[in-house]
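We did not get these values from a lab; they are worked out from the coordinates using the rules stated. This is a predicted model, so every value here is computed, not measured. Cβ placement follows ideal geometry from the backbone for every residue including glycine, while neighbour counts extend to all protein chains displayed.
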Amino acid sequence: MQKLTNRAVKIDRSPMTFGERIYLPGLAKGLGITLGHIFKKTATTRYPEQKRPFSPVFRGLHVLNRDENGAERCTACGLCALACPAEAITMEAAERKPGEEHLYREEKYAAKYEINMLRCIFCGFCEDACPKDAVYLSETVMPANYTRASFIYKKEDLLIPEPKNNDNK
């Protein structure tokens, strides 16, 4: 028979000594490894009490931003949906009606804006593609849930709440 590699090692078949038969060297070696690990720092994070620090470039949940007047920044241009490699963003545009100038920044706005977080790969391309800085990825971790429908975030879920006016006249 021809050898394929030179990695063959001859197995020592000599009879075991008395110390090897009572397994004391093996027990001592295992105990030494165990004692060595006891005094090392643990890699476990005790979750509710301790929070794991995230990287400064961490990308979490999506947020739809408002401008300084409280109007929605999104103009439904669709660049975020085009830039998304996972095709997780769906939107429909609508025209602004008279009297809605305080709600929407431009003539066009996103009547429907949905992100399927099960498809999202958190790449940040939607954030980079948006010319109005309407979409950004926050530092919030996506919460766990039991149903697939709860991972489809609608515009109401993503939009920053409108600021309250404190006009007490």
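Some points to look at:
- Working from label points 7 Å from Cα in the Cα-to-Cβ sense, the Asp67 to Ile121 distance is 3.4 nm.
- With neighbours defined as other Cβ atoms within 10 Å of a residue's Cβ, the residues Asp157, Asp67 order from fewest to most as Asp67, Asp157.
- Dipole magnitude for the chain: computed about the Cα centre from +1 point charges on Lys and Arg Cβ and -1 point charges on Asp and Glu Cβ, it is near 1620 debye.
- Pairs exceeding a 26 Å alpha-carbon distance, out of Lys51/Lys155; Lys97/Lys154; Lys51/Lys132; Lys132/Lys155; Lys10/Lys40: Lys51/Lys155; Lys51/Lys132; Lys10/Lys40.
- Crossing angle, helix 24-38 versus the chain [Cα axis fit, 0-90 degrees, rounded to tens]: 20
- Tail weight of P(r) past 23 Å, computed on alpha-carbon pairs of the stretch 62-158, percent: 23
- When each of Phe122, Phe58 is scored by the number of other beta-carbon atoms lying within 10 Å, the sequence from fewest to most is Phe58, Phe122.
- Fraction of antiparallel bridges per DSSP, the stretch 62-158 only, in percent to nearest 5: 95
- Relative contact order computed over the chain (Cα-Cα under 8 Å; 6+ residues apart), in percent: 24
- In this rough spin-label picture, where each label sits 7 Å from Cα along the Cβ direction, the Val141-Lys10 distance is 5.6 nm.
- Computed from the C-beta positions of Lys112 and Thr45, the FRET efficiency with R₀ = 41 Å rounds to 0.55.
- MRE, 222 nm, helices only [DSSP H, n ≥ 4, -39500 (n - 2.57), over the chain, to nearest 500]: -4500 deg cm²/dmol
- Note on the chain: GNM, Cα springs under 10 Å; of Ser14, Ser138, Ser55, the largest mean-square fluctuation is that of Ser14.
- Candidates Tyr47, Tyr113, Tyr153: whichever shows maximal mean-square fluctuation once the chain is modelled as a Gaussian network with Cα springs under 10 Å: Tyr47
- Enclosing the Cα atoms of the stretch 28-117 in their convex hull gives a volume equal to 189 cubic angstrom per residue.
- Taking Tyr109, Tyr146 and counting other C-beta atoms within 10 Å, the order from fewest to most: Tyr146, Tyr109
- Projected area averaged over orientations for the chain, convex hull of C-alpha atoms, nm²: 22.8
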